[in-house]
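First comes the structure, then the notes that go with it.
The values are calculated or read from the model by the stated rules, or taken from the named source; none is laboratory data. Being a predicted model, the structure only gives us computed values, none of them experimental. Quick reminder, even Gly has a Cβ in these numbers, built from the backbone with ideal geometry, and neighbours come from all protein chains shown.
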Amino acid sequence: MIVNPSTAGSLSIISGRMLAETFGLIGETIKDAGNPRRLWSITGFYAPLNMAISGIRARLQDQKDFIAFVNQRDLEVLLGIGIPGEYCAWLGEDYVSTFDRSWLGICTDTEDLEDDLFGREAELRNLQTEITGSPLLPTGLEITRRVCLNENTDCEELHYLRGDFNNETGTYPDLRFQTLTERWIRVERRSMVWRQT
């Protein structure tokens with residue numbers, strides 16, 4: 001096991017839901033279960049969410065800069081830490097194979113997308129601070145990202161910054177994770193086909 005999620009309260013959060021802990025796995029590469037030519041590198045870890053499969057989540061990035069996430073149970077199988085059919089003590093169920101109906105694998109949901117966007121926003125703030133001395137982001141800023149939503153669905157998204165301020169209080173810059181979706185709006189999502197070239 002990578003970590004017992006029941007002790008997740010003791011894990012250090014950097015910002016949003018991103019964990020400071022790397023578990024010695026940042027940069028580890030795993031093959032995509034559906035496409036062995038697609039290689040994913042672990043780039044970060046995030047706190048558990050209240051979902052059917054609890055546990056930490058790992059952010060992944062492939063060789064074409066697509067991002068995705070994977071839950072702890074499935075990551076442990078992909079890394080060879082968990083063996084399908086063996087008991088997963090922290091989950092209270094057996095590990096499953098990539099062919100099992102309950103396998104989720106590499107995919108991305110709404111919460112994962114928020115975590116990724118918040119991380120990108122933080123990188124932009126750091127860059128803006130280096131350039132201007134202030135973390136305030138200019139209205140109209142755009143972020144384009146490639147996302148693997150599930151095994152069969154890849155896309156590219158365009159996000160637009162409506163304004164770096166709190167609508168209720170008028171304070172700026174607004175650095176809070178809770179108001180992320182008030183600052184940013186997705187204006188486009190177009191399908192992409194992942195091809196090995």
Conditions first: (1) touching a Lys or Arg at 6+ places or on another chain (Cβ under 9 Å); (2) surrounded by fewer than 22 Cβ atoms within 10 Å (Cβ to Cβ). Residue 81 passes all but one, so which condition is the exception?
(1)
When both residues are 6+ apart or on different chains and their Cβ atoms are under 6 Å apart, which pairs have a first residue that lies in region 1-29 and is modelled with pLDDT of 90 or more, and a second that is surrounded by fewer than 14 Cβ atoms within 10 Å (Cβ to Cβ) and among the small types (Gly, Ala, Ser)?
20/12
Check 172, 87 and return the single one that is at pLDDT 95 or above, exposed (fewer than 15 other Cβ atoms within 10 Å of the Cβ) and aromatic (Phe, Trp, Tyr).
87
Selection from region 76-95 of residues that are over 21 Å from residue 59 (Cβ atoms), in contact with a strand residue (DSSP E or B) (Cβ under 9 Å, 6 or more places away or on another chain) and not hydroxyl-bearing (Ser, Thr, Tyr):
84, 85, 86, 88, 93, 94
Whether any residue in region 79-98 is under 17 Å from residue 174 (Cβ atoms), in contact (Cβ under 8 Å) with a residue 24 or more places away in the chain and either in contact with a His (Cβ under 6 Å, 6 or more places away or on another chain) or part of a loop (DSSP other than H, G, I, E, B) (or both) is what I want to check.
no
Residue 112 vs (1) over 17 Å from residue 51 (Cα atoms); (2) out of contact with any Pro (no Cβ under 9 Å at 6 or more places or on another chain): all pass except (1)
